[in-house]
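Structure first, then comments.
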Amino acid sequence: MSKYYNEFWNKYKNQHLGDFSFKWPVLKKNIYFKGRERILDFGCGTGRIMQKMRKMFPKNRFMGVDVSETAIKIAKKKHPWADFYSVQDGEKLPFKKNNFDFILAADVIEHVYNTKDTLLELNRVLKNGGKIFITTPYYGFIKNLLIITLDFDNIFDPAGPHIRFFSKKSLFSLLKSAGFKIIRHGYFGRFYPISRSIYVVASKED
């Protein structure tokens, strides 16, 4: 996995990913920090979203992890005010338990092989009452019918980066099984029921 994303970030290191323009406004509306919180960007890439969050909340401490060593090297150069770590898929994160007030996982979970263990690990490092914000491409009944009819080979490209595909039901079930309580959710990109993505805000259950 790390090889794949090293090659990806070597190709796109000087570009902004196309989904940022409709993803950031949704995230911006759903975060608020008092100050001094510890924030983890899980799957941070080169740190673009982290940079935007810091402009809004400069008193917080930010950390980012990613499977791509290339992305982490770029992030360290661009954002020396944050701490960055390269990690491997499925391995334990380099943080103690109950360490973070907020975790961001923006369009990451669809790239993960062991989704259950990954969410359990995020639950471990999140403080009791802390929140996690997840976005992922949305696959609902009506949208799936359109995909099957019009664009199956493109969406489910066997050489593409997405290896998991979530409906609202499957995403909620996975989060609950990992010890998270759903607070709110919504859709963005296009319009429901053919939205591009779904977002979920959840908290760690005491």
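The values are calculated or read from the model by the stated rules, or taken from the named source; none is laboratory data. Only a predicted model underlies this, so the values are computations on that prediction, with no experimental measurement involved. For neighbour counting, all protein chains shown are included, and Cβ atoms are generated from backbone atoms with ideal geometry for every residue, glycine included. Calculation scope for accessible area: heavy atoms of the full protein, side chains included, ligands and nucleic acids excluded. Shrake-Rupley method; radii C 1.70, N 1.55, O 1.52, S 1.80 Å.
Observations on the model:
- Calculated FRET value between K76 and D19, using beta carbons and R₀ = 25 Å, to 0.05: 0.60
- Contact order for the chain, expressed relative to its length and based on alpha carbon pairs under 8 Å spaced 6+ residues apart, stands at 19 percent.
- As a fraction of the 1.4 Å probe accessible area of the stretch 65-133, surface on carbon and sulfur atoms comes out at 46 percent.
- DSSP finds beta bridges in the chain, and of those with both partners inside it, around 45 percent are antiparallel.
- Where a label projected 7 Å from the Cα of I182 along Cα→Cβ would reach, residues of the stretch 140-166 with amide N under 15 Å: 140-141, 166
- In the context of the full set of protein chains, the chain has a per residue accessible area of 54 Å² (1.4 Å probe).
- Per residue, the chain reaches -9500 deg cm²/dmol at 222 nm when only DSSP H runs of four or more residues are counted, each adding -39500 (n - 2.57).
- Fluctuation leader among A106, A71, A159 - the chain, Gaussian network, Cα springs under 10 angstrom: A159
- Whole-Å distance, taken between Cα centres, linking the stretch 75-135 and the stretch 143-183: 20
- Pair E205, K116: separation of 7 Å Cα→Cβ label points (nm): 1.6
- For the stretch 31-140, the square roots a ≥ b ≥ c of the C-alpha gyration tensor eigenvalues yield an a/c under 1.5, which makes the shape rounded.
- Cα gyration tensor, the stretch 118-206 - rounded (a/c under 1.5), prolate or oblate: prolate
- Per DSSP, loop GluC sites (Glu not before Pro) in the stretch 79-166 with at most 16 further Cβ within 10 Å: E91
- Local charge for P193 was computed over the other residues whose Cβ lies under 13 Å away, with Lys and Arg +1 and Asp and Glu -1, and equals +4.
- Charges were assigned to the Cβ only: +1 to each Lys and Arg, -1 to each Asp and Glu. The resulting dipole of the chain about its Cα centre is roughly 1040 debye.
- Oblate is the label for the stretch 61-125. Its Cα gyration tensor axes, ordered a ≥ b ≥ c, give a/c of at least 1.5 and b/c at or above a/b.
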